[in-house]
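Please treat every number below as a calculation from the coordinates, not as lab data. The shown structure was predicted, so the numbers you read here are calculated from the model rather than taken from an experiment. Neighbour counts are summed over all protein chains in view; Cβ atoms, including those assigned to glycine, are modelled from backbone coordinates with ideal geometry.
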Amino acid sequence: MADSGQQADGCAIEVERLVKSYGDFNALRGVDLKVKWGEGLAIFGPNGAGKTTLIKILSTIAKASSGRVSVGGFDLRGDSVKARRQIGVVTHQTLLYDELSTYENLRFYGKMYDVPHLADRIRELLAQVDLESRRDDPVRTLSRGMQQRAAIARALLHDPPILLLDEPGTGLDQRANEMLINIVSSMCNGRRTVVMTTHSLEQGLAFCSRVLILARGNVAYEESGKLDISTLREVYHRHTGAGY
Amino acid sequence: MKESAGKVLALTWKDILSEMRTKEIITSIAAFALLVIVVVSLALDPSERTSAVAAGVLWIAFTFAGVLGLGRSFVMEKDKGCLQGLMLCPVDRAVIYFGKMLSTVIFMLVVEAIILPVFVILLDQPRFPPQLVLIAVLATVGFAAVGTLFSALSVNTKAREVMLPLLFLPVASPVIIAAIEASSLALAGEPWSEIVSWLGVMVAFDVIFLAVSPLVFEFVLEE
């Protein structure tokens with residue numbers, strides 16, 4: 001796994017008073033968050049709550065308007081390149097090039113991440129996501145589920161200790177979604193810190209040990225203990241006003 | 001430095017591989033440039049096909065065809081969120097800039113290599129001056145240095161097809177003017193000594209924008 005900045009500190013992700021504004025609109029309004037190493041955090045919230053914005057900032061794609069963000073022990077204001085080595089990101093988009101094969105995509109990203117023994121690593125990952133037989137087919141010819149599995153292989157290529165999942169199951173049927181989560185679970189298995197945004201309360205609850213509800217750019221609810229689904233539904237409704 | 005160069009080349013090779021499969025960029029810009037030259041050659045009387053006019057026609061064709069190619073460069077990256085994929089890589093944003101710029105230069109030079117001989121024949125130019133090759137290379141580098149920046153800037157705008165030429169052409173005008181003037185002199189058979197000052201303008205433009213654009217690129221990419 002990639003070396004992290006300050007694993008001994010106990011926090012993989014630290015967010016303090018994070019604000020993100022787009023013009024007059026505040027997508028995030030002073031979010032505070034700490035995620036320990038090896039912890040799984042599910043973030044729920046209605047559309048526009050700020051989930052994707054938060055993931056974009058944690059993954060260094062967007063810059064915070066104010067506040068402090070540290071990922072893998074690296075402050076994103078000064079060490080964003082080092083922080084990027086610590087994270088793998090899976091979104092509802094595959095981030096893969098349609099015309100290239102899965103192997104070519106992984107080879108390209110592997111070079112960008114300086115992955116050692118790249119050919120072996122790609123072979124290992126393709127076996128884990130069950131895409132060995134389709135490794136030379138252009139990504140555009142793969143089913144949506146297969147593409148998303150290839151996206152997982154891309155995200156874990158450099159063996160990051162932190163995995164950010166932004167609604168990875170969007171557009172997948174139930175079976176493909178379950179398969180995706182099973183693959184991610186088996187590849188993380190407590191070894192990685194996982195932050196996942198999802199609209200599926202069941203999936204988030206099953207996958208993560210801690211839940212957080214974002215509403216209107218703020219942390220509305222946080223719970224580390226085990227919740228049952230009916231309690232979570234009630235809490236979700238109470239804090240977001242949205243039914244589930 | 002060596003590591004970054006390897007990543008720039010990996011990015012460029014990825015673009016070349018994609019282009020070899022889709023043929024989207026080279027085909028469209030070559031067809032456009034060829035069309036401009038054919039239409040103008042039909043419109044101009046043989047007596048009007050002077051070196052000055054021919055040089056103007058050549059760079060109008062290359063400029064607008066190049067804008068077409070630049071527009072595609074980052075649109076390809078936006079599909080399936082690949083631009084985000086690049087931004088997640090643990091590399092300086094300048095690596096992305098130089099990788100994309102280098103692919104633009106290569107695609108444009110391929111098209112120019114196809115178009116230049118056709119241009120000499122269709123516009124009845126008596127010679128193919130070797131200076132034209134150097135002029136094309138210097139102008140293309142400057143063109144791509146600025147164009148890559150504005151292509152990344154316009155890809156997130158709604159009217160990107162309009163925004164790109166509107167933003168890019170005024171900034172690129174010094175290199176385009178220098179290319180036209182130098183090409184005109186070269187086609188007229190003038191010696192190197194007459195052309196060198198325009199070459200100097202192009203070199204200065206290239207150096208300035210190759211130094212400044214990567215610094216600005218980071219702010220263009222990030223939200």
Straight-line reach from A:LYS226: which lysines fall under 30 Å, measuring Cα to Cα and dropping same-chain residues less than 8 apart? A:LYS34, A:LYS36, A:LYS51, A:LYS56
Distance in Å, no decimals, from the C-alpha centre of segment A:32-97 to the one of segment A:210-235 is 19 Å
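How much of the DSSP beta bridge set in the protein assembly as shown is antiparallel, as a percent to the nearest 5?
Details: 22 of 40 bridges.
Once the DSSP bridges in the protein assembly as shown are tallied, antiparallel ones form about 55 percent.
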In whole Å, what three semi-axes, largest first, describe the equivalent ellipsoid of segment B:2-221 built from its Cα gyration tensor (square root of 5 times each eigenvalue)? 31, 19, 15
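Averaged over A:77-86, how many beta carbons belonging to a partner chain fall within 10 Å of each residue's beta carbon?
Mean shielding by partner chains, rounded to a whole number: 2.
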Relative contact order of chain A, pairs being alpha-carbon contacts under 8 Å that are 6 or more residues apart, as %: 27 percent
Measure of size requested: the Rg and Dmax of the protein assembly as shown, with Cα atoms as the atom set and Å as the unit; please supply both. 25.8, 87
At what distance in nm do the modelled label points of A:ASP24 and B:GLU218 sit from each other, each positioned 7 Å from its Cα along Cα→Cβ? 3.2 nm
Can you work out the PRE-style zone for A:LYS63? Point 7 Å along Cα to Cβ, and I want the residues of segment B:201-223 with backbone N under 15 Å. B:214-223
Antiparallel as a % of all DSSP beta bridges within segment A:119-244, to the nearest 5? 50 percent
Expressed as a rounded percentage, what relative contact order does chain B have, with Cα pairs under 8 Å and six or more residues apart? 27 percent
Relative contact order of segment A:128-219, pairs being alpha-carbon contacts under 8 Å that are 6 or more residues apart, as %: 28 percent
Peptide B:121-132 - average C-beta neighbours from other chains (10 Å radius): 0
Check every DSSP H run in chain B and write down those whose alpha carbon atoms cover 20 angstrom or more along the long axis and whose mean Kyte-Doolittle hydropathy is 0.0 or greater. B:24-43, B:51-78, B:93-122, B:131-154, B:160-187, B:192-221
Between segment B:29-76 and segment B:138-155, the alpha-carbon center distance in angstrom: 18 Å
Surrounding charge for A:GLY110, neighbours by C-beta under 14 angstrom, Lys/Arg +1, Asp/Glu -1, total +3
